[in-house]
Amino acid sequence: MPRSKPDTVTAVLARGRLGIPSVVFFVIAAAAPLTVIAGGATTGYAVTGVTGIPVSYLVVAAVLAMFAVGYVAMSRRIVNAGAFYTYVTHGLGRPAGVAAAMVALLAYNAMQIGLYGGFGAVLAQFLQSRYGWDITWWLCALIAWAVVAVLGLLRIDLNGKVLAVMLVAECAVALVFDAVMLGHPASGTVAFDTLAPAHIFAAGIGAALVTAITGFVGFEGTVVFSEETKDPRRTVPRATYIAVVLTGLLYGLSAWAMSVATGPDKIVDAARADGTDLIFNLVSPHLGTSVVTIGRILFITSLFAALLSFHHTVARYLFALGRERVLPAALGRTSRRTGAPKIGSIIQSLIAVVVLVGYAAANADPIVHLFFWVTVTGGLGVLALMTVTSAAVVSFFARIRHGEGPWRAVGAPLIATIALTAILVVTLQEFDTLLGVHPHSPLRWLLPAAYAIVALIGATWALILRAAKPDVYSAIGLGPESATASLRNPTIVRQPA
Amino acid sequence: MPAHNEPAPPRRPVRAIGTAAAVSPRIADEFFYMAHDDQTGRPRLFDTALASGLAAALLVELYYERRITFEHGKVEVLQRLPPKDWLQHLVLDQLIAQPQHTDTRTWLAFLATTAYEQVATRMWQVGLLQQQQIGLLWRQRTVWVPTDINTAAWSWARLSQQVRNYRQLDHFDIALAGLTLHTQLDTALLDGAPYSAQAHLRQLVNQSWLPLRDLLADLSSVIGAGVLSHRTS
């Protein structure tokens, strides 16, 4: 084939493709760094009472980087690579895939809805302290809900440039805060206690680790963009590793800096007293008011960015499952004018508003009972998904002919599977610590059991489909690609790009 | 071989406004009409679906001209003889010039980048569309508006009536029906019709020729993938 000819098709399609920075921006912004630092880490200290939070972020970053090796290698070989359940389908079979899809729907919904608690409480507190307005948290949450619902239907994401500016500002603010906190240690010397690896084997570490995992949720989104990157072979893996390492270091550093500023022995008490205000209270004696206010505003905007991002994630999951007709086909339809996955978006918004109204009616605490409990329960679901996905990667590469080296195809995914399983087991053992409830509280079993129940429903549904609708069953995991399944042998494995 | 590079003679002032089209109807033109409001020219579809739908329509034109076919997600050139229409000619030339690309999805994505302007230009040349300035001062932009509402509304009304009355469709309308179904324009086309009408439409398309269905399946997955990886730029 004459390769000297100008390849206009490739050249035209390469226009506007994403480079590494854009992909990193998209996924880190969804993970919302300031939300994790000011909200997740502080509430983690307060609720679990565990001081090993900083080292947990670093350990989790290492485990997830390991997980990412096999994950991105497999993503090049499958269609609909954005969703965990696709990996599970191809690695462990269709019933496991549908079970994973149900777990994912529950987990991402939990992440999204839990964030409303954080957003509502933080915004209400900000308006109260700055303008003296007395607005309850749930009103703020409902306003955010209405905006997200509308943006979801209009298919409006945050613009890439806006995200980039916000993200850089968030990271800059976090680093400035860290420098200030490290410059003013409680006892006069910088203590490294909370970074000690010994914490990994201490009681309550499961709770700390899943808190950390919750902070990383969203990084798995890099592979969604694989078809739109300049060079999928390089861009997606690198963007994924960069995202994991950058966020891991930033989270670890910030959580540690807070413990330095309060003193490692007092961090839990300080977090319990100040809540999500902790980081701002720690730096405000040493910084101008305007910097602290900017930090607070960025905290609120980062919460909103995460809310919107997870809303789209849920709507797209429902869309992909509707396209496969695993869920009703109506979910696979888009709004004609905007191209939004309309019904998926509406369903997510409805679930969210029902939960919000329930919390408001029950007068529950928005930070502990909604933000922390519900997002870490979401984090637990994503942890379970990552564990199963990692096992699916091992199984997938064991069953196909491929050119990947043993490290990518076996070594890294196997280590990740073992590490993630270990984290999952200790998390389940210590779920009472995580929730900060009595060891005999039924909640510690009820929340994890919800995943087992939906997984069982998913697997059963897959088996029903196998008997009743074999064509639907055969297209499971293909997402929008399922349109071609009835005409061709489903192209589960595609040539690596 | 006929002169390969010579542009087709312009046929613009062929007809007066308000009369039936003097040129034989073309699928991409009719799909363009269907995908836009017949009076205001406002799109009835979101941009990915519209652009991909028009790209698919151009490929269907070449398929009906027996120049290309579709099998297992690949485009295959059957005959290199250039079609009379300049745009069909252009698309075929592009397909021939780059044989290293055979995936239908690749071609849909490539053609979608230009299809809208190309089809609009072709329609403007024969007087089917005109340009109009809309919007106020700073938001002023140019849109394509049908020159004649009746011509513009005809394919929409025809297809809608035939499907609602459970009739069979000719090969031209089958292609339009397929494009309508797979760009999800059918909800508007069959607005208020019973579910059985939609089932009839689906059945008509599902019983059509295999190559056409192969193309439409790729159209559907291109649009679906676009929904999943969408971001506001």
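Taking amide H as placed 1.01 Å from N in the peptide plane, B:Q130 has its amide H under 5 Å from the amide H of B:V145, B:T147, each at least 5 places away in sequence or on another chain. Against the main long axis of the alpha-carbon atoms of chain A, helix A:232-262 sits at an angle near 20°. Residues whose amide H lies under 5 Å from that of A:T229, counting only those 5 or more places away or on a different chain, are A:L18; hydrogens are built 1.01 Å from N in the peptide plane. A straight Cα-to-Cα reach below 27 Å connects B:K84 with the lysines A:K5, B:K74, residues fewer than 8 places away in its own chain not being considered.
Under 5 Å from the amide H of A:R76 lies no amide H of any residue 5 or more positions distant or on a separate chain, with H modelled from the backbone and absent for Pro and chain starts. For the pair segment A:137-152 / segment A:360-393, the C-alpha centres are spaced 20 Å from each other. The distance linking segment B:127-146 with segment A:86-116 is 46 Å (Cα centroid to Cα centroid, whole angstrom). Between B:R158 and B:D103, the distance separating the two model label sites (each 7 Å from Cα on the Cα→Cβ line) works out to 3.6 nm. In terms of overall dimensions, the protein assembly as shown has a Cα radius of gyration and Dmax of 27.9, 90 angstrom.
The aspartates and glutamates within cross-link reach of A:K230, meaning a Cα-to-Cα straight distance under 18 Å and a gap of 8 or more places when in the same chain, are A:D7.
Whole angstrom only: what separates the Cα centroid of segment B:198-216 from the Cα centroid of segment A:241-308? Between the Cα centres of segment B:198-216 and segment A:241-308 lies a distance of 57 Å. Residue by residue, segment A:387-398 carries 3J(HN,Hα) couplings of 4, 5, 4, 4, 4, 5, 5, 4, 5, 4, 6, 6 Hz when phi is fed to the Karplus relation 6.51 cos²θ - 1.76 cosθ + 1.60 (θ = phi - 60°); x denotes Gly or Pro. Kirkwood analysis of segment A:211-276, using all unique Cα-Cα pairs, places the hydrodynamic radius at 14.1 Å. Entry note, segment B:109-233: relative contact order of 18 percent, from Cα contacts under 8 Å with a spacing of 6+ residues. Computed about its Cα centre, the charge dipole of chain A is approximately 2240 debye, with only Lys, Arg, Asp and Glu carrying charge at their Cβ.
In this rough spin-label picture, where each label sits 7 Å from Cα along the Cβ direction, the B:Q131-B:L81 distance is 3.7 nm. Put simply, when B:62-72, A:110-120 are sorted by average Cβ atoms within 10 angstrom per residue, most first, you get A:110-120, B:62-72. Listed by chain and number, the aspartates and glutamates whose alpha-carbon sits under 18 Å from that of A:K469, ignoring those within fewer than 8 places in the same chain, are A:E324, A:E481.
In order along segment A:45-51, the Karplus-derived 3J(HN,Hα) couplings, from 6.51 cos²θ - 1.76 cosθ + 1.60 at θ = phi - 60°, round to 4, 5, 6, 7, x, 9, 8 Hz, and Gly and Pro are given as x.
Values quoted throughout were computed directly from the atomic coordinates according to the rules given, and no laboratory measurement underlies them. Here the structure is a predicted model, which means the values were calculated and not measured. Because the Cβ atoms are built from the backbone with ideal geometry, glycine has one as well, and the counts that use them run over all protein chains shown.
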